[in-house]
Amino acid sequence: MKPLLIAGNWKSNKTTADALRWLQDFKNHTGTIPTYITVVLCVPFTLLYTVKEKIREYSLPIVLGAQNVSPFPEGAETGEESARMVRDLADWVIIGHSERRKNFHETDDVLQKKVEQAHLVGLKIIYCVPDDRTPIPAHVDVTAYEPVWAIGTGKSDTPENANMVVASIKATSQVKRVIYGGSVTTANVASFVGQPSIDGVLPGGASLDPEIFAALITNAR
Ligand code: PGA
């Protein structure tokens, strides 16, 4: 079996109470996850500590990720979380999600700085790109191909086209692992991870409900 990465992205959702309920329910609904599947859960900064503690307490088979990191080192940057602070709690970080590129005007240059900061402290990096032409900085561990029109719309790319774009990203960059994001569901996950070039998925909406997320992991097997 090829290694698979399933990275749930809660985006800007959930209070502490919501997260605690999710973790309890996920514990009840998830079985043993085979070792070839790595499940990363990317949560808002406000929930990193709580989720980290509960992953340990419940021995959940998931690793923790953040959704952003400062392009600056630790210092006088009000409102930013430096890579060192993020690394204190998380193992992974998403950089360059299309929502950040669009709504927060993050450019390739800024994203390059974020990758450098994250790499310096040993965070594993999921770097999102909308196509196979967007530059991918060095030191990215996993790239996520997410066509902008497929995110949060219920309209996923076809597995065959996603596979072609993913193969092209691998052929034109240094990146060895590429996952697909954009309206991944329990119903379509197997068709994406069954493609030869696709190494996993980045579900947003489908990670918000613990039962659905657990089913999605089961269906990816
Ligand atoms: P979605 O989000 O699964 O809700 O479409 C995907 C993404 O953000 O990559």
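For this structure, a couple of remarks:
- Considering only region 4-220, percent of DSSP beta bridges that pair antiparallel, nearest 5: 0
- GLU80 contributes about 70 Å² of solvent-accessible surface, heavy atoms of the protein only, 1.4 Å probe.
- Every Cα-Cα pair in the chain was counted, and those over 26 Å apart are 30% of them.
- Across region 108-221, Cα-Cα pairs more than 21 Å apart make up 37 percent of the total.
- Using the Karplus relation 6.51 cos²θ - 1.76 cosθ + 1.60 with θ = phi - 60°, the per-residue 3J(HN,Hα) values for region 103-117 come to 7, 10, 6, 7, 8, 4, 5, 5, 5, 4, 5, 4, 4, 4, 4 Hz, with x marking Gly and Pro.
- A 1.4 Å probe run over region 4-220, with the rest of the protein chains in place, finds 45 Å² accessible per residue.
- Lysine pairs within the chain, Cα separation less than 17 Å, 8 or more sequence positions apart or different chains: 13
- Note on region 166-221: semi-axes of the ellipsoid equivalent to its C-alpha gyration tensor, largest first and rounded to whole Å, are 23, 11, 8.
- Computed from the Cα positions only, the extents of region 1-114 along the three principal axes stand at 42, 35, 24 Å, in decreasing order.
- Loop sites in region 1-65: chymotrypsin sites (Phe, Trp or Tyr not before Pro), DSSP, at most 10 other Cβ within 10 Å: TYR36
The values are calculated or read from the model by the stated rules, or taken from the named source; none is laboratory data. In this text the structure is predicted, and so the values were computed from the model without any measurement. Note that each Cβ is placed from the backbone with ideal geometry, even for glycine, and that neighbours are counted across all protein chains shown. When the accessible area is computed, the model is the full protein with side chains, heavy atoms only, and any ligands, DNA or RNA have been set aside. Shrake-Rupley method; radii C 1.70, N 1.55, O 1.52, S 1.80 Å.
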